[in-house]
1. Pairs needed: first member in the stretch 167-195, closer than 20 Å to residue 107 by Cβ; second member anywhere, of a type in the set (Ser, Thr, Tyr) and surrounded by 15 or more Cβ atoms within 10 Å (Cβ to Cβ); C-beta distance under 7 Å; at least 6 residues apart or different chains.
2. If I go through the stretch 146-178 residue by residue, how many of them are β-branched (Val, Ile, Thr) and either exposed (fewer than 15 other Cβ atoms within 10 Å of the Cβ) or not in a helix (DSSP H, G or I) (or both)?
3. Determine which member of the set 113, 142, 131 is over 30 Å from residue 205 (Cα atoms) and touching an Asp or Glu at 6+ places or on another chain (Cβ under 7 Å).
4. Pull up the stretch 217-229, narrow it to residues that are within 14 Å of residue 93 (Cα to Cα) and in a loop (DSSP other than H, G, I, E, B), then point me to the one that is modelled with the lowest pLDDT.
5. Pull up the stretch 202-213, narrow it to residues that are more than 22 Å from the chain's Cα centre (by Cα) and assigned to a helix (DSSP H, G or I), then point me to the one that is modelled with the lowest pLDDT.
6. Among (1) at pLDDT 95 or above; (2) among the hydrophobic types (A, V, I, L, M, F, W, C); (3) surrounded by 16 or more Cβ atoms within 10 Å (Cβ to Cβ), which single condition is residue 129 missing?
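The values are calculated or read from the model by the stated rules, or taken from the named source; none is laboratory data. Quick caveat: nothing in here was measured; it's all calculated off a predicted structure. Heads up, the Cβs are rebuilt from the backbone with ideal geometry, glycines too, and the neighbour counts pull from every protein chain shown.
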Amino acid sequence: MFKSLTSKIIAGVIVLAIACSLVYFLIPQKEKEVIVEVEKEVEVYVPYDKIIEVEKEVIVEVEKEVILEVPTATEETISLRTDKVEGFIDTLEKKIERWDKKIEDIDLDIEKVQDKINDKTEANVLLQAYVDSKQGIINALVAEDATGNISEIRALEDEIIVFEDDMEANQNKIENWLEAIEDLENDKEPWQERIDLENKCISEIDFYITSGSEFSDDVQERLEILGLL
């Protein structure tokens with residue numbers, strides 16, 4: 001009889017465990033916040049007739065369940081809003097492609113100017129090497145016989161002057177081209193701002209459909225300008 005009762009208890013526990021598992025997996029899980037309040041254990045020693053009595057406060061744990069509901073639009077609302085904004089995202093994506101092309105063209109211009117800068121920079125490195133070489137020869141001639149080699153020294157100095165003039169001219173061009181690149185970079189900003197706004201519109205359209213949110217003022221204005229609202 002005892003074994004039979006034990007078997008029934010074990011069977012009952014197994015059935016209960018399976019039922020709990022099914023309930024856990026079948027019932028939608030809700031996000032919850034658990035707040036645990038813990039009272040610290042306190043020991044108080046009170047001398048009384050040479051007897052020490054110990055009082056202990058019990059640790060209490062309190063769980064407070066807070067269900068965090070995330071508001072979502074109903075299926076009917078989602079369907080209606082999806083119909084309302086049909087074609088909006090396609091229009092915006094075409095605009096983005098157009099602005100990307102504007103930026104791509106400017107980047108190509110910047111690349112061309114940068115190639116010119118690189119060429120003149122390399123030229124100046126070569127010219128500086130010529131200057132250093134000529135200056136080394138001059139130093140050797142001066143050390144050997146400055147007076148006797150004066151004509152050759154003067155000729156080398158004239159060559160150095162020409163090289164340095166060429167280097168200065170190249171540097172002036174480089175500085176002008178750097179300013180040109182800066183201007184081109186500034187030209188990209190309006191197109192990038194438009195891309196950012198179009199992407200913001202697309203993002204808010206998604207939220208408009210799924211969560212029922214309204215458009216921000218700048219997005220509302222942009223959609224109206226495009227004739228979408």
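1. Close Cβ pairs (under 7 Å, with a partner that is of a type in the set (Ser, Thr, Tyr) and surrounded by 15 or more Cβ atoms within 10 Å (Cβ to Cβ)) do not exist here.
2. Initially, the stretch 146-178 is screened for residues β-branched (Val, Ile, Thr), giving 147, 150, 153, 160-162, 174.
Next, only the ones that are either exposed (fewer than 15 other Cβ atoms within 10 Å of the Cβ) or not in a helix (DSSP H, G or I) (or both) stay: 147, 150, 161-162.
Number of matching residues: 4.
3. 131
4. Initially, the stretch 217-229 is screened for residues within 14 Å of residue 93 (Cα to Cα), giving 222-223, 226, 228.
Cutting the leftovers down to in a loop (DSSP other than H, G, I, E, B) gives us 226, 228.
Values: 226: 93, 228: 90.
Across the stretch 217-229, the extreme among qualifying residues is 228.
5. Filtering the stretch 202-213 for residues more than 22 Å from the chain's Cα centre (by Cα) gives 208-213.
Subsequent filtering for residues that are assigned to a helix (DSSP H, G or I) retains 208-210.
On the way: 208: 91, 209: 91, 210: 88.
The residue in question is 210.
6. Residue 129 satisfies every listed condition except (3).
A quick yes/no check of all residues on (1) buried (at least 16 other Cβ atoms within 10 Å of the Cβ); (2) not in a loop (DSSP other than H, G, I, E, B):
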residue: 107; (1), (2): no, yes
residue: 125; (1), (2): no, yes
residue: 183; (1), (2): no, yes
residue: 197; (1), (2): yes, yes
residue: 200; (1), (2): yes, yes
residue: 215; (1), (2): yes, no
